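Student: Next up is a structure, given as structure tokens.
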Amino acid sequence: MTTIAVTGHMDLTEASVPLVRDALRVALKPYAADGALVGVSCIAKGADSLFAEAVLELGGRLTAVIPSKDYRQNKVKPDHAQTFDRLTNAAAEVIVLEHEIANRSAYEDANRTLLRRADRLIAVWNGEPPTGKGGGTADTVHEAKEAGLPVDIVWPDEAARQS
């Protein structure tokens with residue numbers, strides 16, 4: 001069994017979504033071949049949800065890590081609510097962290113939880129350095145590398161973030 005966590009950009013352009021979706025399927029397929037793929041995701045909009053969908057499409061098991069008790073109510077926007085609910089319901093395991101409110105500390109804890117549970121990390125990441133705010137994709141990639149976790153970068157040539 002291989003457990004793979006995801007980190008990635010939430011603000012993918014509309015044209016980037018199918019590119020990233022296809023690239024994630026390609027990256028995950030070798031791990032799904034033996035039927036023992038487990039994907040760990042916070043199911044945020046963008047990369048996290050695309051990854052979760054790919055895991056399920058390939059017959060893997062999904063573990064959802066929810067950063068706080070209020071996350072669904074206060075942070076999931078209406079345009080993502082249906083996807084969030086569908087993926088949460090499809091997850092084999094849902095872990096809601098003890099944070100009361102979704103804030104930087106909750107997101108950092110969620111990222112650490114992802115990394116602790118994973119054998120490797122897939123990062124849907126354009127390679128830009130950390131913003132200095134903490135808890136972002138670049139920060140998670142850095143933490144994974146420091147912990148000795150293998151990191152696979154997924155960023156198709158034509159992929160872009162919204163400006």
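Student: Of all residues in the stretch 108-129 being open to solvent by 70 Å² or more (accessible area, probe 1.4 Å) and either acidic (Asp, Glu) or touching a Gly at 6+ places or on another chain (Cβ under 6 Å) (or both), which is modelled with the highest pLDDT? So that I can check it myself, show each step before the final result.
Tutor: First, pick out the residues of the stretch 108-129 that are open to solvent by 70 Å² or more (accessible area, probe 1.4 Å): 112, 116-117, 119, 128-129.
Applying the additional criterion that residues be either acidic (Asp, Glu) or touching a Gly at 6+ places or on another chain (Cβ under 6 Å) (or both) yields 119, 128.
Values: ASP119: 96, GLU128: 91.
The qualifying residue modelled with the highest pLDDT is ASP119.
Student: Further question on the same structure: Search the stretch 43-67 for residues that are touching a residue at least 12 places away in the same chain (Cβ under 8 Å) and among the hydrophobic types (A, V, I, L, M, F, W, C) and pair each with any residue that is surrounded by fewer than 21 Cβ atoms within 10 Å (Cβ to Cβ) and assigned to a strand (DSSP E or B) when their beta-carbon atoms are under 6 Å apart and the residues are at least 6 apart or on different chains.
Tutor: Close Cβ pairs satisfying both conditions: ALA64/VAL94; VAL65/ILE95; ILE66/VAL96.
Student: Could you give every pair whose Cβ atoms fall below 7 Å, whose first residue belongs to the stretch 69-91 and is open to solvent by 30 Å² or more (accessible area, probe 1.4 Å), and whose second residue is hydroxyl-bearing (Ser, Thr, Tyr), counting only separations of at least 6 or pairs across chains?
Tutor: THR83/SER49
Student: Kindly indicate whether any position in the stretch 48-60 is surrounded by fewer than 19 Cβ atoms within 10 Å (Cβ to Cβ), within 11 Å of the chain's Cα centre (by Cα) and within 17 Å of THR137 (Cα to Cα).
Tutor: Quick first cut of the stretch 48-60, residues surrounded by fewer than 19 Cβ atoms within 10 Å (Cβ to Cβ) only: 56-59.
Adding the requirement that they be within 11 Å of the chain's Cα centre (by Cα) leaves none.
No, every residue in the stretch 48-60 fails to be surrounded by fewer than 19 Cβ atoms within 10 Å (Cβ to Cβ), within 11 Å of the chain's Cα centre (by Cα) and within 17 Å of THR137 (Cα to Cα).
Student: Where residues in the stretch 15-26 are of a type in the set (A, V, I, L, M), over 13 Å from GLU57 (Cα atoms) and in a helix (DSSP H, G or I), which of them is least open to solvent (accessible area, probe 1.4 Å)?
Tutor: First pass over the stretch 15-26, keeping only residues of a type in the set (A, V, I, L, M): 15, 17, 19-20, 23-24, 26.
Next cut, over 13 Å from GLU57 (Cα atoms) only: 15, 17, 19-20, 23.
Keeping just the survivors that are in a helix (DSSP H, G or I) gives 17, 19-20, 23.
Numbers: VAL17: 42, LEU19: 63, VAL20: 0, ALA23: 28 Å².
Ranking the candidates gives VAL20 first.
The values are calculated or read from the model by the stated rules, or taken from the named source; none is laboratory data. Being a predicted model, the structure only gives us computed values, none of them experimental. Note that each Cβ is placed from the backbone with ideal geometry, even for glycine, and that neighbours are counted across all protein chains shown. Just so you know, the surface numbers come from the protein's heavy atoms only, side chains and all, with ligands and any DNA or RNA stripped out. Shrake-Rupley method; radii C 1.70, N 1.55, O 1.52, S 1.80 Å.
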